[in-house]
Amino acid sequence: MLEPAHPNLIPNRVQPPPPPITVDDEPEFEIGEILNSKIDNRHRACKLLYLVRWIGYEGTDEETSWILASELSHATKLVADFHSAYPAKPGPLSSLH
């Protein structure tokens, strides 16, 4: 199993999630990996969603979440790696426009 880079030395203490990084003057959170993709017709502009695992949120309710493909412009390698591993899954963004 992997261990945090800086182990928690205080028993029963939960480490707070890391702060966002700033990209193009917008807060961004680091994605560890893409776990799944799906089409959701309830969204107007972008119907493709990805289930992502966030770095630093392990073991919390916010560890994973579905986000719009249009919000992954800074994670093109993760998207490409996901679709290389799972070519039958919905995507990529360019095929849905």
(message) Quick check on the stretch 26-44. Is at least one of its residues among the charged types (D, E, K, R), open to solvent by 100 Å² or more (accessible area, probe 1.4 Å), at pLDDT 90 or above and not in a loop (DSSP other than H, G, I, E, B)?
(response) no
(request) Please specify each residue of the stretch 51-63 satisfying the condition of being surrounded by 16 or more Cβ atoms within 10 Å (Cβ to Cβ) and modelled with pLDDT of 95 or more. (result) VAL52
(request) Answer yes if at least one residue in the stretch 46-53 is under 17 Å from GLU28 (Cβ atoms), basic (Lys, Arg), free of Cβ contacts under 8 Å to residues at least 40 places away in the same chain and in a helix (DSSP H, G or I), and no otherwise. (result) no
(request) Scan LEU96, LEU9 and give me the residue that is open to solvent by less than 100 Å² (accessible area, probe 1.4 Å) and modelled with pLDDT under 70. (result) LEU96
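The values are calculated or read from the model by the stated rules, or taken from the named source; none is laboratory data. As the structure is a computational prediction, the values presented were derived from the model and not from experiment. Positions of Cβ are generated from backbone atoms using ideal geometry, with glycine treated the same way; all protein chains shown enter the neighbour counts. For the accessible areas, the whole protein counts, side chains as well, though only heavy atoms, and no ligand, DNA or RNA atoms are used. Shrake-Rupley method; radii C 1.70, N 1.55, O 1.52, S 1.80 Å.
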